[in-house]
Amino acid sequence: MSNDVRTRGVILTAAQMRQERDRIHERGGKLVFTNGCFDILHVGHATYLEFARAQGDALCVGLNSDASVKRAKGDKRPVVGQNDRALMLCALRSVDYVVIFDEDEPRGIISEIMPDVLVKGRDWAHYVSGRDVVEATGGKVVLADMVDGFSTTKLIDKIRASYAV
């Protein structure tokens, strides 16, 4: 990870993020959490993260590690490594914190961080990992509309088709 990249957000461990969440609470704020692979950033991601950030006072993005992305998406993913994906997220004005996690689901990291608001895309309405944890402590789950036509898979397919011989 390059030290000369200027970012807005901060990459933390889950334990550090829990301490930061306590500081946010001391100031009367609410911590929002969302998660994902964020492999190749596109307008759908940017819109989603802006929405998530608007749900509270600070946004923590749980970023799937390279290993967990491979398990979920196959051996050709991620295209961009976890450290670079984390730096790209930190460069967005909507992202305050990034925590990389290796599990297949974010429930464990959500249990450790204990956010006030959990945001997930409406396409996950049938199952939101960590919903029970957040709601048990008085928090809420908010479902975000997705931007039609944007996905990393579609973007990769478009790039491949553009350069096919």
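The table below lists the values:
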item: Options GLY36, GLY28: the member that is among the small types (Gly, Ala, Ser) and within 13 Å of the chain's Cα centre (by Cα); result: GLY36
item: Complete set of residues in the stretch 132-165 that are basic (Lys, Arg) and either within 24 Å of GLN19 (Cβ to Cβ) or touching a Gly at 6+ places or on another chain (Cβ under 9 Å) (or both); result: LYS140
item: Residue list for the stretch 15-49, restricted to those being touching an Asp or Glu at 6+ places or on another chain (Cβ under 8 Å), surrounded by fewer than 23 Cβ atoms within 10 Å (Cβ to Cβ) and either among the aliphatic types (A, V, I, L, M) or part of a strand (DSSP E or B) (or both); result: ALA15, ILE24
item: Meets criteria (more than 20 Å from PHE51 (Cα to Cα) and surrounded by 12 or more Cβ atoms within 10 Å (Cβ to Cβ)) for LYS154; result: yes
item: Any helices (runs of 4 or more DSSP H) falling wholly within the stretch 73-165 and containing at least 2 residues that are closer than 19 Å to PHE38 by Cα; result: 82-90, 107-113, 152-162
item: LYS73, sole failed condition from (1) surrounded by 17 or more Cβ atoms within 10 Å (Cβ to Cβ); (2) under 21 Å from TYR127 (Cβ atoms); (3) of a type outside the set (Phe, Trp, Tyr); result: (1)
item: Pick from the stretch 59-70, criterion under 13 Å from the mean Cα position of the chain (by Cα) and under 21 Å from VAL10 (Cβ atoms), ranking: surrounded by the fewest Cβ atoms within 10 Å (Cβ to Cβ); result: SER65
item: Filtered residue count, the stretch 78-123, keeping only those that are of a type in the set (D, E, K, R), surrounded by 20 or more Cβ atoms within 10 Å (Cβ to Cβ) and farther than 17 Å from GLY9 by Cα; result: 2
item: The one condition in (1) over 16 Å from the mean Cα position of the chain (by Cα); (2) among the charged types (D, E, K, R); (3) open to solvent by less than 80 Å² (accessible area, probe 1.4 Å) that ARG131 fails to fulfil; result: (1)
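The values are calculated or read from the model by the stated rules, or taken from the named source; none is laboratory data. Treat the numbers as computed from the prediction; the structure is a model and nothing was measured. With ideal geometry, Cβ positions are generated from the backbone for all residues, glycine too; neighbour counts draw on all protein chains shown. When the accessible area is computed, the model is the full protein with side chains, heavy atoms only, and any ligands, DNA or RNA have been set aside. Shrake-Rupley method; radii C 1.70, N 1.55, O 1.52, S 1.80 Å.
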